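Worksheet: one structure, shown below.
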Amino acid sequence: MTLQRQVGFWIGGLLAIALALYVLRGILLPFIAGLALAYFLDPVVSRLARVGIPRAFGAIAVIGAFVVVFVVLAVLIVPVLANQLTAFVARLPSYVVQLQALATEQNREWLQRVLGERLPDVSRSVADVVTQSTGWLAGFVQQSLWTGGTTFLYLFALSVITPVVAFYLLKDWPRMMEKVDSWLPLHHRETILGLMREMNIAMAGFVRGQATVCVILMIFYGVSLSGAGLNFGLLIGLGTGFLSFIPYVGSVAGLTLAVGVAIVQFWPDWTMVLVILGIFGVGIFFESYVLYPNLVGESVGLHPVWLMFALFAFGALFGFAGLLLAVPLAASVGVLTRFAIRQYLASPLYTGMPQVLPPRGPAPPES
């Protein structure tokens with residue numbers, strides 16, 4: 001089989017898989033979540049296997065411990081977060097109005113010179129937009145997240161099917177990897193295995209490393225902001241840490257929310273506002289110079305803009321399941337793109353020189 005036919009065959013196979021994923025996107029979430037959980041926990045099970053514990057027992061122990069920790073945290077934290085989210089959405093218009101009032105009162109002369117007689121109209125327009133947006137957000141939270149049979153089915157599938165899928169994948173992980181390796185084209189197996197190892201390094205570096213960074217930041221911001229007495233500190237802190245899987249996006253969003261709430265809550269006491277700024281200063285420094293270099297490193301190769309594009313694109317195509325697929329697929333596409341660029345730079349298309357083939361050996365004698 002020629003190289004062109006092999007490439008066509010594999011491209012067709014990838015397109016067929018992508019089409020199947022798109023058609024079945026409505027039921028993929030628990031299975032993709034199980035795959036992500038198995039990938040995340042495989043190093044622990046593999047380490048247990050190296051000390052003599054069978055993979056089946058190791059998988060049961062690890063999945064059981066994860067489920068117990070997850071259930072305990074959900075029981076303790078989810079009700080608090082739900083109450084804080086509902087209260088925050090309800091009070092958001094008043095917060096924005098108070099911030100706007102403080103800004104206009106402190107700078108009324110300057111704003112009056114810039115906006116003139118339009119200042120009252122601008123103030124009313126901002127308040128109306130915030131009120132309408134908050135009403136839409138409140139309706140979305142109440143109707144889309146907390147009600148509906150579809151949400152219940154998703155939660156049931158995630159809580160029951162996901163651990164089962166993760167267990168079977170963890171138990172058979174090495175055998176599945178060997179089987180996949182045996183399917184690779186013989187003449188290109190080493191090249192493909194090299195690319196797969198590079199993809200694994202990129203995905204492991206980001207998925208496992210960035211997940212650890214997010215958990216640490218969630219704990220730090222949640223405890224620090226709550227300890228400082230900030231309203232909705234736990235909600236803002238956990239949200240900041242969770243969004244930190246996109247570098248700087250979580251920190252900037254959390255800093256904006258926290259400082260806005262702090263100004264409204266503690267005004268005119270600037271000391272507490274500076275305390276909130278100090279918390280985020282410590283968190284950003286710790287994230288940039290300690291956590292990210294040591295836990296994620298430079299081997300990921302995922303630019304933040306490419307990551308955000310991948311999240312939006314796969315989220316639009318496959319919903320929440322696409323968000324789980326976005327990071328590993330973005331890392332894989334990045335590895336393949338860098339390989340294609342290396343091949344292009346070594347080809348006559350770039351150099352303008354004809355490709356020199358290795359000399360052939362002497363022809364075998366005719367019988």
Any idea of residue 60's accessible area? Nearest 10 Å², probe 1.4 Å. 100
Work out the P(r) tail for the range 230-336: percent of alpha carbon pairs separated by more than 20 Å, whole number. 50
Per residue and in cubic angstrom, what volume does the convex hull of the Cα atoms of the range 38-81 have? 65
Given that compact globular proteins tend to follow 2.2 N^0.38 Å, what is the ratio of the alpha-carbon Rg of the range 150-287 to that value? 1.52
Compute, for residue 337, the solvent-accessible surface of its heavy atoms (probe 1.4 Å) with the complete set of protein chains present, and express it in square angstrom to the nearest 10. 70
Length gained, residue 97-residue 71, 0.36 nm per residue minus C-alpha separation, equals 5.5 nm
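The values are calculated or read from the model by the stated rules, or taken from the named source; none is laboratory data. Note that the structure is predicted; figures quoted are calculated from it, not measured. In case anyone asks, the SASA skips ligands and DNA or RNA and just uses the protein heavy atoms, side chains included. Shrake-Rupley method; radii C 1.70, N 1.55, O 1.52, S 1.80 Å.
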